[in-house]
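Below is one structure, written out as structure tokens, with a few remarks after it.
The values are calculated or read from the model by the stated rules, or taken from the named source; none is laboratory data. Predicted model, so just to flag it, every value in this text is computed and none were measured. Backbone-built Cβ (ideal geometry, glycine too); neighbour counts: all protein chains shown. We work out accessible area using only protein heavy atoms, side chains counted, and drop any ligands, DNA or RNA first. Shrake-Rupley method; radii C 1.70, N 1.55, O 1.52, S 1.80 Å.
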Amino acid sequence: MAITEKELKTLAKLSRLEFSEEELAGFKSGFEEMIEFCDGINSEIGGDTSSIREVGSMQTEWKDLREDVVEESLPNEKILSNVHGERGYFAVKRVVK
Amino acid sequence: MSGRIKTLSDMLKKGEISSAELTRRYISRIEKINPLLNAYVLKTFDEAIRGAEYADALIKQGKAGALTGIPFALKDNICTDGIETTCCSHMLEGFKPYYDATVWQKLKSVGAVLLGKTNMDEFAMGSSSETSYYGAPKNPVNLSKVTGGSSGGSAAAVKADIAAYSLGSDTGGSVRQPASFCGAVGFKPTYGAVSRYGLIAYASSLDQIGPLADSVEDAAIIYDAIRGQDRRDSTSCPTADGVTKLDGDVKGLKIGVPEEFFSEGVDEEVKKSIEAAICLYERAGAKIKKVKFPAMKVALSVYYILCCAEASSNLGRYDGIRYGFRAKDYGDIDEMIVKTRTLGFGKEVKRRIMLGTYVLSSGYYDAYYKKACLLRERITAEFDEIFKDCDVLLTPVAPTTAFDIGGRSASSVQAYLADVCTVPVNIARLPAISLPCAVTKEGLPVGLQIIGRRFDDGRVLSSAYFFEREACVKVPLCKEVQL
């Protein structure tokens, strides 16, 4: 299945990724090959999909859920030791101007 | 004859060697051999020495268990409190988790000794470990070949005995296929049998932690130590009580052979090796039956749709704010996130995120993701039907033996085909093991896969134990690694 450059750019935007024009051109054929491969499933099932259950629904036996128990949180300093933190918060550039 | 873990454990308990001494021997082997293999991406020798001291104290108090004092390795996507865990990605370079994965916590509490973190495909996305940010590990059987993946470093470390055993993760074959390529044993337990808490998520409905070991006996010992329900992983389930029994009795065992696993693309030598293994079971009194698994033709497509969809969602959390890498030059916060992700992720990871976003996007969600979910149920139902009349299935692990490093593009449908025999197991959440069943003319190991019913992990291990005991397959290391 052919995919347009515009569609690829929209996907990149949704994925929060950036590609140069050159990268995008190189990416296109492999991506199309992969989609074509995934299209194999359409030979098995066509048409209406409204009755299909989501995968999550068959994974969990909800009767087994445990009670919620309040526990102590992880210490802020430990979490922030990894990243850009300031005064107990995650730090980013100013968002509200 | 006892396996590697039991032999070492007996020596430790008898006082023939201390854990500290054993650990020093392993450290010295790692220093000599790892530069050839690139199996470890992080060495944790201070932690190992601390662990060995704790283990020696346990042994002295008569409290030693099967894994006390034995040095091992963890795949680099299993969280270790205060110890760098990167998923072999630039994105998580320098990331030190603030909690332990349940499996590591369990092993630490019985005095297991952590030697380091092992190489893998970036975020476990690949079948050769070549997408690692730290470069590909090499196969200790033949240094020009890939280790398989994604748990390639774990398999190589165990085979070269620079770790007595290791843990990997298996989303579509990532424990079994590298075990097969390196001539080790790799076991993927039933989905839910082992807690995934602290395993950095790739595709949560398929991911499963499992052992890589030198023998089936070792794999069973490790499995017993890490399994069981965990309140921190709601998908984990209680498992059978007691120690997994390995009687290796296959008389009357009903074995199914799904012919679709032997079709197009499977090497003749691989096919013949598996057929010879099946004959061995038959001679010992097992009942062999050919079975049909028609859903095989869509399994790989279903797998890639589901895993990429889940990956695109799971990897959404890497925004440069809470973990690891953050890009430097940016205008506002949105630009920072985009730049961080663009520079932090490798090519294959980006490709899978894009594919996952595509199959989940409005307009394509029904055509791909929803249909894949339905087919997942069909695949599961077909296996369930087969298992009404079969106890286990025997198949190849991979269509080929280990291929040349750089020989296949990691990002191609051809590379994805390496997973064709392993992914159906993850889709249906079944247990399966890979163990060496032959060595080709080129000197490369061939893996036999044994698949079982959900939560019938003990039978899978016991059936594998039979083959290992009867066939005594030896896979020699290359001479550079023989020390």
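With the structure loaded, tell me whether A:SER57 is at pLDDT below 85, more than 7 Å from every other protein chain (Cβ to nearest Cβ) and within 26 Å of the chain's Cα centre (by Cα) or whether it fails that test. Yes, satisfied. When you look at B:LYS108, is it open to solvent by 10 Å² or more (accessible area, probe 1.4 Å), at pLDDT 95 or above, in a loop (DSSP other than H, G, I, E, B) and away from chain A (no Cβ under 14 Å), yes or no? Criteria not met by B:LYS108. In summary, B:GLY363 fulfils each of the numbered conditions (1) surrounded by 20 or more Cβ atoms within 10 Å (Cβ to Cβ); (2) not in a helix (DSSP H, G or I); (3) not charged (D, E, K, R) with the single exception of condition (1).
Might you check whether a residue that is within 25 Å of B:VAL425 (Cα to Cα), without any contact (Cβ under 8 Å) to a residue 40 or more places away in the chain and within 27 Å of the chain's Cα centre (by Cα) occurs anywhere in the stretch B:362-370?
no
Taking first residues from the stretch B:426-440 that are open to solvent by 10 Å² or more (accessible area, probe 1.4 Å) and partners that are at pLDDT below 95 and part of a strand (DSSP E or B), no Cβ contact under 8 Å between residues at least 6 apart in sequence or on separate chains turns up. Listed here are the strands (runs of 3 or more DSSP E) enclosed by the stretch B:162-269 that have at least 2 residues being of a type in the set (Ser, Thr, Tyr): B:165-169.
For the stretch B:382-417, filtering for residues that are in a helix (DSSP H, G or I) and either away from every other protein chain (no Cβ under 14 Å) or open to solvent by 10 Å² or more (accessible area, probe 1.4 Å) (or both) leaves 8.
Within this structure, B:GLU264 passes the test of being more than 30 Å from A:ALA12 (Cβ to Cβ), modelled with pLDDT under 95 and open to solvent by 40 Å² or more (accessible area, probe 1.4 Å).
Whether any residue in the stretch B:292-315 is without any contact (Cβ under 8 Å) to a residue 12 or more places away in the chain and open to solvent by 30 Å² or more (accessible area, probe 1.4 Å) is what I want to check.
no
Name the single residue, out of those in the stretch A:13-26 being of a type in the set (A, V, I, L, M, F, W, C) and within 7 Å of chain B (Cβ to nearest Cβ), that is nearest to the chain's Cα centre (by Cα).
Among those that are of a type in the set (A, V, I, L, M, F, W, C) and within 7 Å of chain B (Cβ to nearest Cβ), it is A:LEU14.
The single residue among B:ASP319, B:ASP332 that is at the interface with chain A (Cβ under 9 Å from one of its Cβ atoms) and open to solvent by 30 Å² or more (accessible area, probe 1.4 Å) turns out to be B:ASP332.
For B:LEU42, the conditions (1) buried (at least 24 other Cβ atoms within 10 Å of the Cβ); (2) in contact with a Lys or Arg (Cβ under 6 Å, 6 or more places away or on another chain) all hold with the exception of (1). Please enumerate the residues belonging to the stretch B:130-159 that are crowded, with 24+ Cβ neighbours inside 10 Å and aliphatic (A, V, I, L, M). Matches in the stretch B:130-159: B:VAL141, B:VAL146, B:ALA155, B:ALA156, B:ALA157, B:VAL158.
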